[in-house]
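Engineer: I have a structure here, written as structure tokens, and I will follow up with some questions on it.
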Amino acid sequence: MTTINLITKINAPISTVFNLNRNIDVHLLSTSQSNEKVIEGVSAGLINLNETVTWCGKHFGIYLTHKSIISEMEIPNRFVDEMLKGKFKSFRHEHLFSEENGITMMTDKIQYETPFGWFGMLFDRLVLKNYLTNFIQKRNRILKDLSENQ
């Protein structure tokens, strides 16, 4: 299992950062580099506990689908999305939020397993982990900008 941990400091209230993170429209904006679209499930606004969304986006030159469910939610401190269907063996993204002196700490904890045995592990080490880290960092820069300019 691979784990990615990212922390982003945002000068905005925790509720703003939390809601922008679970907003489907903001997700589409922040992932425009992969031309993501919603093809099933919650397609606009805020996604909530036990709701699902299926994304289709272009990664590594091909269109891939990924269906997630919001499996846990504690407003405004945490929510978890987990893959129900997709190309990973497993995929879990925990979004954590805490606020101190008007600064929100946004933590992304992503844990996933690749399929295809040793080939999947090699692909992960050489390409995938860096790709996902950069993908989430770009998304977080947009979330930070939107949160701080509300």
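Engineer: Any chance you could count the Lys pairs in the chain whose alpha carbons are under 18 Å apart, treating pairs 8 or more apart or on different chains as valid?
Structural biologist: 23
Engineer: Using alpha carbon centroids, what distance separates region 63-91 and region 129-150, in Å?
Structural biologist: 17
Engineer: How large is the helix-only mean residue ellipticity at 222 nm for the chain, computed as the sum of -39500 (n - 2.57) over DSSP H runs with n ≥ 4, divided by its residue count, in deg cm²/dmol to the nearest 500? Intermediate values should be presented prior to the final figure.
Structural biologist: Values: 4 runs with 42 residues, N = 150.
Mean residue ellipticity at 222 nm (helix-derived): -8500 deg cm²/dmol.
Engineer: Shifting gears a bit: Nearest 10 degrees, 0 to 90: what angle lies between the long axis of helix 129-148 and the longest principal axis of the chain (Cα atoms)?
Structural biologist: It is inclined by approximately 20 degrees.
Engineer: Roughly how many debye, to the nearest 20, is the charge dipole of the chain about its Cα centre, given +1 on each Lys and Arg Cβ, -1 on each Asp and Glu Cβ, and no other charges?
Structural biologist: Working: 17 positive and 16 negative charges, 117 e Å.
My answer is approximately 560 debye.
We did not get these values from a lab; they are worked out from the coordinates using the rules stated. In this text, all values refer to a predicted model and were calculated from it rather than measured experimentally. All Cβ positions, glycine included, derive from the backbone under ideal geometry; neighbour counts span all protein chains shown.
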